[in-house]
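The structure under discussion appears below in the form of structure tokens.
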Amino acid sequence: MSVGALDTAVSGLLAFQQSLATTSHNISNVNTEGYSRQRAELVTRPAISIGAAGYLGNGVRVALIERTFDDFLTAQLNASTAAAGQLKAYNELISEIDNFIADPDASVPNAMQNFFGSIHDLVNDPSSITVRQALLSSARTLVGRFTTISTQLDEIRDKTNRAMTDSVALINALTANLAELNQRVLDSRQTGSGTGSNDLQDQRDLALSKLAEQVDVQLIVDNLGNYNVLTSTGQALVMASVSNELGLTAARFPGGPLEVMLTPFGSKASINISNQVAGGALGGYRQFIDEVLNPVQNDVGRIAVAFAHQINQQLQTGFDLNGNPGAAMFSEPPTTVIASANNAATTPPIGVTIGNHAALTGSDYQINVTATGTVVMNLRTQQVSQFGGAASVQFSLDGLDFDLTGTSVGDSFLIQPTRSAASGLTLELDVINGAAQIGAAASAGAVGDNANALLLAGLQTLKTSLKQGSYEDAYNEVVGRVGVLTQSSNTDSKAQRKLLEVVKAQRDAVSGVNLDEEAANLITFQQAYQASAQVISIVRTTFDALIAAVK
Amino acid sequence: MRIRISTLGMANQTINSMLNQHSQIANTQEQLALGVKLVRPSDSPPAAVRALILDESLKQKEQYQANIDMARGRLAQEETVLDSIGDVLLRVHDLGVQSLNAPLGASDRDAIAGEMRHLLGEIGNLANTTTATGEYLFAGLQSKTKPYSGDPTNGAYTYNGDSGRRHTAIGSGYNLNDNDPGDAVFTVVAPATDPNAAPAAAENIMNLVFQFAEHLSADQPDTYDLARIQQSLEAISTARSSAGARLAALDQQETLTAKLTTDEKSLLSQTRDLDYTEAISRLNQETTALQAAQQAYSKVQKLSLFNYL
């Protein structure tokens, strides 16, 4: 009987020691990211039969160190994390554009107004060289503004591309980590008890949550307990202990947009999954580029090239101080055409020129030459236009004239009509020596003639210069669009942050460590431990009494 | 109601709430520092665009006002010069009356002719007046070409300018003519009853005065000469009232521009400028909220069962 009591007390000591150790582990990890609190689950040991009297209790043992974890909440947390990651990446970048696009000291409208102010000065004093030089000087400032805006947008593009590269590198590191953790969890399950290492599983869940920050993923747990991770559209990233590498390249259209490539494990060929990447920071960067950066840069370029062309055209119908036809004041930057690296070797450069500046849309286009005709996709609206049979090589669309002479079936081209127009805009007349060449007069040889200058001044308010009206109308439209997108992104990311906080709090309510609770547990286990120790002491005294009696 | 809250979660929640308060305070501070409520387009996209449009419109009105000032300068100068020419012509007219009416001898008439030639010189100079920017006032679009050659001794005044008129924009879609070419101001078409004039011949005022002086020098006074001076006076007077009418139009447009400018400025201010009272009381509220969050944090942080173990 007394041996049984001693053994039972020792089982209590051991069990409470382990409970205390678990509590201590919880306290130590109170600040560990992704940690799920653990508790030692106690069960009675198998009882001993004492015949007719029934069974005698035989103490306690730790059945399981349980991880307090909720699959549903974790999945919800990962989804919210992906959405928040996307909004955060998008919001940070669009806020940068929001910061400078309407800054009066840096943006186009002020300089544009000063330029037209100088034209009015020319109207008032058409033969003055000084007034003409002042006009060219404000033209130079305006060109500078276009260049500055474009440079800032280029810097943001570089930054976004770098962030995408970092994100893809992080995704690769995390998927490799997940594959490794799958293996280690499996190993721990086989060597230890059936549930496997709690801490390794926490690490695996944390890696998955970090991955969700970068890209939206779906999780499929197989019957061995492996985490199989897929993109939201079903491209496998992690299968058991194997991960598939992502890459980022502009190989198809050199100098064009970076595309996300997936190289399946053990394979050399990679597939383009750009359109299947959504959510997370990577999704946010792509959304920013497609929805904000490209349209804004294209639209600013469109305003620049239409302005340059229309001012030039008006100047060239006039006459300068020497009675010669007026000179062009600005360069008119050409369209950007990128031929696919996979095009036939015989394919010559194709021609894409602006035929009607007022009809330009600010979209980029992708051209695919097929056996049944030329397919042109507007990359902003996803609208597809098809031109004629295979023989149709010359056509016009959205103010652009295309000439595809010499192309072969299978060729494709990326057209960015006005992407680099704002950065490519230059002043063609020398500020000092070019002054006389401004065509202010409508009739040759009349130095006091300001009629053409007056027509130039009228271009400021002409409502047919661009699709959205005047140059400033079109610029205001860009400002308004950036403002609306930023505002809604501010609201969305605030709401999503709030939602994420709520889901995190729900997850923490289940899995997080509460120090007061642990302190209470410490006391409980300590008391139980002391009680068990006391039992041992009493058993000993009992023995002593017995031995003394026998002596 | 959550049953358990994790220690880390509780700390994070309080920290997040303080971060939010900080960012709100930073926003309000930025608005106060700049004195505007629209710092970025996203603060209110419609208002931001409205502010840009108003800015543009005000800039244009400023430009129209500058154009009005320039046009007023030119037209006022033209008016003054035409006034002077009118005065001189009146003197010529007086001399003409005197030469026709009084019983004068050849030498008297020659003396009057001499004075007339002197006055003609003045008219010639006035017709060749230049503006503040160095352009000839009456040369049409040939503003760097001296409009009238010829001199009081030999006559033969010829117009070297052209018939071009200049305009300047003084309002949206409102272009105003701010010069009158010499051939429009100084040319008189002789009436058909004038026996000495070729049918419908147009002649400039200077040559008419010269012709009068020539007739007087030759002691052959011609009553039609006086009629022609009378006609010249009328021509100058017509040109002067035309310039005056345009000056009046400028004044009207200026009043309109000023009124629109005031309206738009007040609208722009409402759209963009900060209501300081509101912003400062908002800042007070936000700092109070932050202080409360900080106090709550420090109080809650002190609570721990471990303190009692």
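Restricting A:290, A:299, A:320 to residues that are surrounded by 17 or more Cβ atoms within 10 Å (Cβ to Cβ), within 30 Å of residue A:414 (Cα to Cα) and not hydrophobic (A, V, I, L, M, F, W, C) narrows the list to A:299. Residue check: residue A:103 meets all listed conditions (1) part of a helix (DSSP H, G or I); (2) farther than 30 Å from residue B:179 by Cα; (3) within 12 Å of another protein chain (Cβ to nearest Cβ) but one, namely (1). Among the residues of the range A:512-533, the one identified as touching a Phe, Trp or Tyr at 6+ places or on another chain (Cβ under 6 Å) and either within 12 Å of chain B (Cβ to nearest Cβ) or not in a helix (DSSP H, G or I) (or both) is A:519.
Counting the residues of the range A:21-50 that are over 24 Å from residue B:10 (Cα atoms) and in contact with a Phe, Trp or Tyr (Cβ under 8 Å, 6 or more places away or on another chain) gives 3.
Listed by first and then second residue, the pairs linking a residue in the range A:27-54 that is more than 14 Å from every other protein chain (Cβ to nearest Cβ) to a residue that is acidic (Asp, Glu), with Cβ atoms under 6 Å apart and 6 or more places separating them unless they lie on different chains, are A:41/A:66. Taking the listed residues A:181, A:237, A:208, A:230, the one that is farther than 30 Å from residue A:63 by Cα and either crowded, with 19+ Cβ neighbours inside 10 Å or in contact with a His (Cβ under 8 Å, 6 or more places away or on another chain) (or both) is A:237, with no other qualifying. If you go through the range A:316-354 and pick out every residue that is within 37 Å of the chain's Cα centre (by Cα) and among the aromatic types (Phe, Trp, Tyr), you end up with 1. Of the residues B:291, B:253, the single one that is of a type outside the set (D, E, K, R), part of a helix (DSSP H, G or I) and within 30 Å of residue B:138 (Cα to Cα) is B:253.
Against the test of being under 30 Å from residue B:204 (Cα atoms), touching a residue at least 24 places away in the same chain (Cβ under 8 Å) and within 14 Å of chain A (Cβ to nearest Cβ), the options B:120, B:90, B:75 yield a single qualifying residue, B:75. Residue B:55 meets all of the listed conditions (1) more than 8 Å from chain A (Cβ to nearest Cβ); (2) in a helix (DSSP H, G or I) but one, namely (1). Being in contact (Cβ under 8 Å) with a residue 60 or more places away in the chain and closer than 17 Å to residue A:416 by Cα holds for only one residue in A:282, A:293, A:315, A:321, and it is A:293. Does at least one position in the range A:343-355 carry a residue that is under 26 Å from residue A:139 (Cβ atoms) and surrounded by 21 or more Cβ atoms within 10 Å (Cβ to Cβ)? Yes, there is a match, as at least one residue in the range A:343-355 is under 26 Å from residue A:139 (Cβ atoms) and surrounded by 21 or more Cβ atoms within 10 Å (Cβ to Cβ).
Within the set A:178, A:174, A:186, A:153, the sole residue that is more than 28 Å from residue A:292 (Cβ to Cβ), in a helix (DSSP H, G or I), touching a helix residue (DSSP H, G or I) at 6+ places or on another chain (Cβ under 7 Å) and not charged (D, E, K, R) turns out to be A:178. Of all the criteria given as (1) more than 9 Å from every other protein chain (Cβ to nearest Cβ); (2) more than 30 Å from residue A:493 (Cβ to Cβ), the one not satisfied by residue B:18 is (2).
Here residue A:433 clears all of (1) at the interface with chain B (Cβ under 10 Å from one of its Cβ atoms); (2) out of contact with any helix residue (DSSP H, G or I) (no Cβ under 6 Å at 6 or more places or on another chain); (3) of a type outside the set (Asp, Glu) except the condition numbered (1).
In this structure, does residue A:22 turn out to be touching a Ser or Thr at 6+ places or on another chain (Cβ under 7 Å) and either at pLDDT below 90 or crowded, with 21+ Cβ neighbours inside 10 Å (or both)? Considered against the rule, which asks whether it is touching a Ser or Thr at 6+ places or on another chain (Cβ under 7 Å) and either at pLDDT below 90 or crowded, with 21+ Cβ neighbours inside 10 Å (or both), residue A:22 comes out as no.
Residue B:49 meets all of the listed conditions (1) in contact (Cβ under 8 Å) with a residue 12 or more places away in the chain; (2) within 9 Å of chain A (Cβ to nearest Cβ); (3) aliphatic (A, V, I, L, M) but one, namely (1). Taking the condition buried (at least 21 other Cβ atoms within 10 Å of the Cβ), under 20 Å from the mean Cα position of the chain (by Cα) and on the phi > 0 side of the Ramachandran plot, does residue B:134 pass? No; evaluated as a whole, the condition is false for this residue.
Within the range B:137-181, being more than 11 Å from chain A (Cβ to nearest Cβ), of a type in the set (Asp, Glu) and surrounded by 17 or more Cβ atoms within 10 Å (Cβ to Cβ) holds for one residue alone: B:180. The residues of the range A:55-99 that are within 14 Å of another protein chain (Cβ to nearest Cβ) and outside any helix (DSSP H, G or I), listed by number, are A:68, A:69, A:70.
Residues in the range A:493-509 that are crowded, with 19+ Cβ neighbours inside 10 Å and within 8 Å of chain B (Cβ to nearest Cβ) were compared, and the one that is farthest from the chain's Cα centre (by Cα) is A:508.
The values are calculated or read from the model by the stated rules, or taken from the named source; none is laboratory data. Source: prediction; values computed, not measured. Here Cβ is always computed from backbone atoms with ideal geometry, including for glycine, and neighbour counts include all displayed protein chains.
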